[in-house]
1. Can you tell me the accessible area per residue over the chain, all protein chains present, probe 1.4 angstrom, in square angstrom?
2. What are the ³J(HN,Hα) couplings of segment 223-230, residue after residue, when phi is run through the Karplus curve with 6.51, -1.76, 1.60 and θ = phi - 60°? Round to Hz, x for glycine and proline.
3. Along the Cα→Cβ direction, 7 angstrom out, place labels at Lys290 and Arg118. What is the inter-label distance in nm?
4. Given the Cα-Cα distance of Gln307 and Trp132 and 0.36 nm per residue of separation, how much length would full extension add, in nm?
5. Pick from Gly157, Gly207, Gly135: which is most flexible by mean-square fluctuation in a GNM of the chain where alpha carbon atoms under 10 Å apart are linked?
6. Per the Debye formula with a single identical scatterer at each Cα and no solvent contribution, what log10 I(q)/I(0) holds for segment 148-286 at q = 0.14, 0.15, 0.19 Å⁻¹?
7. With helices defined as uninterrupted DSSP H runs, which ones in the chain have an alpha carbon span along their own long axis of at least 20 Å and mean Kyte-Doolittle hydropathy of at least 0.0?
8. Keeping the other protein chains in place, figure out the carbon and sulfur percent of the accessible area of the chain, with a 1.4 Å probe.
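The values are calculated or read from the model by the stated rules, or taken from the named source; none is laboratory data. Because the structure is predicted, anything quoted here is derived from the model rather than measured. Reconstructed Cβ throughout: ideal geometry from the backbone, glycine too, with neighbour counts over all protein chains shown. Heads up: the accessible areas ignore ligands, DNA and RNA and are worked out on the full protein's heavy atoms, side chains in. Shrake-Rupley method; radii C 1.70, N 1.55, O 1.52, S 1.80 Å.
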Amino acid sequence: MFDKTEATVVKAAFLPPALAQRLDETCTLADWETLSVTEQNKAAQNARVLAVNGESVVTAEFIDRFPKLELIADFGVGYDGIDVAAAHARGIAVTNTPGVLTDDVADMAMGLLLATSRQIVEAQRFVERGDWANGGFTWTKKVSGGKLGIAGMGRIGQTIARRAAGFDMEITYTDRQPLSGCPYRFVSDLATLAAEVDFLVICVNGGDKTRALVDATILKALGPQGILINIARGTVVDEAALIEALDAGTIAGAGLDVFECEPVVPKALQGRANVVVTPHMASATHSTRKAMGDLVFDNVAAHFSGQPLKTPVNPY
Ligand code: DGY
């Protein structure tokens, strides 16, 4: 396939053990976090591939430490933490893992939507506290037939829409432009979308272009009956504005898998009946994480074998 000694890889973030083992068996693998500074410098001098994950921060300065770098292989669909422009300027390819995790992330969005609207987590606390003996649980917000707004109609947005159609939801979306052939109603801006829907699901990419896209204005537009779901990136939502909106009853609730400063989840978002928080786990099922690992490996192997990359972010 390819020569192990020439296939130099630095693993600079958590990767599933099975993937790390496969890389170790077939490549010359250095595990950045376990190396001394001197060893890191040596590994950086030699590495042709840098393996990271969707939450990694890979700055231009960090990339510059790797003079022979040819590929940054990302275990994740999100690459907002990677300075792709800096990589591109140096002729370094970047790959990610799109497609294989779409179903899981869409499932999680629907799970959060249902759990938040129907207050399933709070209902469990209610049962466990023994409160049921004193009367039934509070009534909650109906999902089926509701109005769903999707911000970002990429693969994940489209898959959420298909699932939501099964709940007879009326679907509207926004994106940079209408998606050709997309059967759902398009609106051109997020504030209009938020004002029209009961549930707003955020599916846009992270990064500077979408930082704090969901701010106080959007939350106000979503309104006191509206529920926000975020399975994209924590940076897309102004978390302080969200907490204020929840305190003030400006919106009805939120289901969040991602946060501004992971793994820190503000205390103000915890323990609320109308907020469901999960630890950035949307794609974390056994089969999907295996498929993501296989795709990372296939990209690395393709690169070292001189074959076209499977899923390049920045095709040349
Ligand atoms: C992704 O694939 O980007 C997930 O959010 C995990 O990082």
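1. Per-residue accessible area for the chain comes out at 48 Å².
2. So the Karplus estimates, Gly and Pro as x, are x, x, 9, x, 10, 9, 10, 10 Hz.
3. Computed distance between label sites Lys290 and Arg118 equals 2.9 nm.
4. The Gln307-Trp132 span can extend by a further 56.8 nm.
5. For the chain, modelled as a Gaussian network with Cα springs under 10 Å, the answer is Gly135.
6. -0.59, -0.69, -1.12
7. Those that clear 20 Å and a mean of 0.0 are 102-117.
8. In the chain, the share of accessible area belonging to carbon and sulfur is 53 percent.
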